[in-house]
Amino acid sequence: MKVELEADKCVASGQCVVAAMDVFDQDDDGIAVLLTEEVGDDRLDDVKEAIAVCPAAAIRLARP
Amino acid sequence: MAVTPAGPAHDMTDTAPEFPMSRAARCPFDPPPALRELQEKGPLAKVRLWDGSEPWLVTRYAEQRAILADPRVSADTDRPGYPSKASSEAGEGKLSFIMMDDPEHARLRRMVTAPFAIKRIEALRPAVQRIVDGLIDDLLAGPQPADLVEAFALPLPSLVICELLGVPYDDHALFQENTRTMVRTTATPEARSAATREIAGYLSGQLAERFTEPRDDLLTGIAGRVTAGELTHGQAVEMALLLLIAGHETTANMIALGTAALLEHPDQLALLRDTDDPALIASAVEELLRYLHITHQGRRRAVTEDIEIAGQVIKAGEGVIMVNETGNRDPRVFDDPDRLDITRDARRHVAFGFGVHQCLGQPLARMELQVVYGTLYRRIPTLKFARALEDVKFKHDAFIYGIHELPVTW
Ligand code: SF4
């Protein structure tokens, strides 16, 4: 599955990093960045958790 | 249902209940019973505030998150319909970006997000662990009973936020006492603005020093924005004030309240005391944030365009209050929500709010609480109340819920 991030919506809460450390990181200002755009089934639950907790609704899953 | 007689749709029995409501004396950790009754009836209810205004109360999780993420609501306290917390709230100036809307909110907020990024916060963990260990050493060496608030819960976050901002901790009496006045619901408007002025004046002096003598701290970063013409001096002071107050008052109350709740739930306390699994400690922090919820005055907004929610139109110019303590106890989202269970997955709680205003300092708060909850009970396994729970003074009279004094022995 493909992860999409709208960085201009991000409010730098860091929640996605806590939920899925190997998919999300933060830049120097705390704004989220994607470490990978493709996630396998093993990380899907973590990414879904990140989507659920992101206060800015900045993360989405898209079909490849 | 009884037949409604002709005449006004709302008779006396329909008068909106007053908000805030009181908690049941026997359940200091539970939301007020009247709030739960409203939540059972539906996601929205009208309530009456101290000034006679009647905003909407949003009691359920899904509707709270929807409204907090909706761009048609404003956090600007000057907007028509904004539900004001107390007469003392007026005329104080704004507490920086938390009382602003985008794009100005985002512009100011982004100036201070960098130090709260997860990796930067993780780098502080060893230092926070040392502070916690030092405070516990002092506590254990001191007399019993000890007030856990004074000896531990308040100094820890104060020391940490002072370090981060660059404010000398030696001046803690000045900002702790004035903060106490600022968050007291019963403080007169005069007392509140005098307290605000005193801390603002102090921080203004601290900022001024950074112009001539830059240091490696957050205040220097904020001062740099003034030099660059991105902030006025006044805005810089408001921002420093917000970070200082939010940085110590909230976490301090979570430490004291969390400890009291755990002492009342010995099975949960034992789980925490006997583990060094960071995942269980992190999960305990989330569960206590969900279960306790210290921002008990609700998150407040003014509606700027009509919004339809749960079959009801909330009109532009009306106020909305999201009571996150019932959101966090919403049975639609959390199984058996009144049970404190540190093993559950509580990460979706709204203790830090939701939407663009979600708490900026949450990574710091989480890390401090993880270190505290993971250390305090392990190092003092016999920790107990020195007083009956009924005699512990809870902060019913403050904008941030917590405990005034928590006498403990071990
Ligand atoms: S959870 Fe959302 S708002 Fe927070 S850092 Fe990640 S993308 Fe940004």
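The values are calculated or read from the model by the stated rules, or taken from the named source; none is laboratory data. The model shown is predicted, which means the values in this text are computed figures rather than measured ones. Reconstructed Cβ throughout: ideal geometry from the backbone, glycine too, with neighbour counts over all protein chains shown. For accessibility, only protein heavy atoms count, side chains too; no ligands or nucleic acids. Shrake-Rupley method; radii C 1.70, N 1.55, O 1.52, S 1.80 Å.
Can you pull the Kirkwood radius for the stretch B:178-221, inverse mean 1/r over Cα pairs, to one decimal in Å?
Values: mean 1/r = 0.0857 Å⁻¹.
This gives a value of 11.7 Å.
Given 25 °C and 0.890 mPa s, compute D for the stretch B:150-206 with the Stokes-Einstein relation, Rh being the Kirkwood radius over Cα pairs; round to the nearest whole µm²/s.
Stokes-Einstein gives a translational diffusion coefficient of 205 µm²/s.
Would you kindly calculate the translational diffusion coefficient of the stretch B:129-256, applying Stokes-Einstein with the Kirkwood radius from alpha carbon pairs, for 37 °C and a viscosity of 0.692 mPa s, and quote it in µm² s⁻¹ without decimals? Don't skip to the end; give the middle numbers.
Numbers: Rh = 15.7 Å.
The diffusion coefficient I find is 210 µm²/s.
Rg and Dmax in Å for the stretch B:262-410, alpha carbons only: what are they?
17.8, 56
I'd like the per residue volume of the convex hull spanned by the Cα atoms of the protein assembly as shown, given in cubic angstrom.
So the per-residue Cα hull volume is 163 Å³.
Could you name every residue in the stretch B:344-362 that has 20 Å² or more less accessible surface in the full protein assembly than in its own chain alone (probe 1.4 Å, ligands and nucleic acids excluded)?
B:ARG347, B:ARG348, B:PHE354, B:GLY355, B:VAL356, B:GLN358, B:GLN362
What's the total accessible area buried between chains A and B, using a 1.4 Å probe, rounded to the nearest 100 Å²?
In total, chains A and B hide about 1700 Å² from solvent.
Would you mind giving the three semi-axes, in whole Å and largest first, of the ellipsoid equivalent to the stretch B:45-127 according to its Cα gyration tensor?
For the stretch B:45-127, the semi-axes come out at 30, 17, 14 Å.
Considering only protein heavy atoms and a 1.4 Å probe, what is the carbon-and-sulfur percentage of the accessible area of the stretch B:301-410?
46
Just to confirm a number: summing +1 for Lys and Arg and -1 for Asp and Glu over residues other than B:PHE394 whose beta-carbon lies under 11 angstrom from that of B:PHE394, what do you get?
-1
Sorting check: for B:215-227, B:293-305, B:387-399, which peptide has the highest mean count of neighbouring beta carbons within 10 Å, and how do the rest follow?
Highest-to-lowest ranking by the protection proxy: B:293-305, B:215-227, B:387-399.
If a/c stays under 1.5 just call it rounded; otherwise compare a/b with b/c (prolate if a/b is bigger, oblate if not). Do that for the stretch B:187-341, with a ≥ b ≥ c from the square roots of the Cα gyration tensor eigenvalues.
oblate
Between the stretch A:1-17 and the stretch B:61-136, how far is it from one alpha carbon centroid to the other, in angstrom?
18
Got a number for the accessible area of B:TRP410? Probe 1.4 Å, square angstrom, nearest 10.
60
So what are the radius of gyration and Dmax for the Cα set of chain B, in Å?
Just the Cα atoms of chain B yield Rg and Dmax of 21.6, 75 Å.
Just add up the charged neighbours of B:ARG110: K/R +1, D/E -1, any other residue whose Cβ is under 12 Å from the Cβ of B:ARG110.
Result for the neighbourhood of B:ARG110: -4.
Quick one: which of A:LYS9/A:LYS48; A:LYS48/B:LYS41; B:LYS85/B:LYS395; A:LYS2/B:LYS119; A:LYS2/B:LYS315 span more than 27 angstrom between C-alpha atoms?
A:LYS48/B:LYS41; A:LYS2/B:LYS315
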